[in-house]
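Novice: Supplied in structure tokens, the structure appears directly below.
The numbers here are math on the coordinates, done by the rules we state, and not lab data. This structure is a prediction, so every number in the text was calculated from the model and none was measured. Here the Cβ positions follow ideal geometry from the backbone for every residue, glycine too, while neighbour counts run over all protein chains shown.
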Amino acid sequence: MCAPGLGPWRTVVGNRRCRRGFCVDVLIGTLRQNLPMHYQALCCDYDGTLAHDGVMANSTAQALVELKRSGRKLVMVTGREIEDLLVVCPKLSLFDRVVAENGALLYHPATHRVRLLASSPPSEFIQLLRSRGVTPLSVGHVIVATLEPQETIVLEAIRDLGLELQVIFNKGSVMVLPGGINKATGLAEALDELKIPPLDAVAVGDAENDHAFLHFCGCAVAVANALPALKEAADFVTAGARGQGVEQLIAELLHDDLHSRAALIGGRVQRS
């Protein structure tokens with residue numbers, strides 16, 4: 001019996017259509033592979049997304065290798081300082097660009113070139129935080145970071161010095177950056193260098209500071225362990241947490257360039 005709308009095709013079993021014993025799975029796969037690639041870049045947060053407790057699994061790194069082989073670009077978008085990242089992530093060379101310090105620094109792994117995207121913090125601000133007992137206190141090229149509940153002292157110091165600085169939270173971390181700097185502004189610089197429009201990029205993250213760059217990209221994905229607010233803002237949520245979720249996302253990108261998710265992605269664009 002022929003299935004409706006299939007003309008001469010005699011049988012339909014799942015996604016397999018057969019006639020006279022000939023199955024066209026290979027043909028369907030070939031047509032899918034020949035579709036023009038829409039998503040040209042995958043932009044990933046590090047901690048809580050690619051990595052668990054600062055470590056990226058070998059299976060996740062291998063998935064990134066497979067994505068690179070497809071011709072797509074990889075961009076890491078993280079709040080970490082680049083010197084720290086070079087220690088904890090030995091696979092950093094897989095990435096075409098690294099946006100570090102929550103958007104304040106752009107790193108080129110192939111050439112080791114560092115480009116600051118904002119001004120360094122005033123020395124008097126750092127001195128004031130230390131004198132008021134803020135600990136731990138990490139000072140990067142641009143970013144200044146501590147932990148909750150130190151944000152009260154940080155905000156008071158910003159007010160007392162009359163500085164145009166902002167405080168950004170990240171699952172217990174407190175980051176201080178110049179006004180207007182976030183993961184989206186840093187990613188904009190990275191994608192501009194790579195000549196990739198934001199709408200042709202997929203972003204995946206897990207925390208508060210990921211909202212900006214997820215909203216900036218054409219497709220926004222949250223891993224299963226992401227905060228509820230980020231899940232709500234994303235186009236879809238992976239079944240797996242952290243690296244396993246990224247691996248699943250890469251598998252979908254390689255399979256059909258997220259064509260099967262098109263309705264969900266369109267829904268986010270309409271809501272915004």
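Novice: Which order do the peptides 247-257, 128-138 come out in when sorted by mean C-beta neighbours inside 10 angstrom, highest first?
Specialist: Numbers: 247-257: 18.4, 128-138: 13.8.
Highest to lowest by the protection proxy: 247-257, 128-138.
Novice: Would you give the gap between the C-alpha center of the stretch 150-228 and the C-alpha center of the stretch 131-145, rounded to a whole Å?
Specialist: 18 Å
Novice: Relative to the present Cα-Cα distance, how much length would full extension add between Leu161 and Lys91 at 0.36 nm per residue of separation?
Specialist: Details: separation 70, 0.36 × 70 = 25.20 nm, distance 4.04 nm.
Working it through step by step, the gained length comes to 21.2 nm.
Novice: For Ala57 and His215, calculate 0.36 nm times their separation in residues minus their Cα-Cα distance, and state this gained length in nm to one decimal.
Specialist: 54.2 nm
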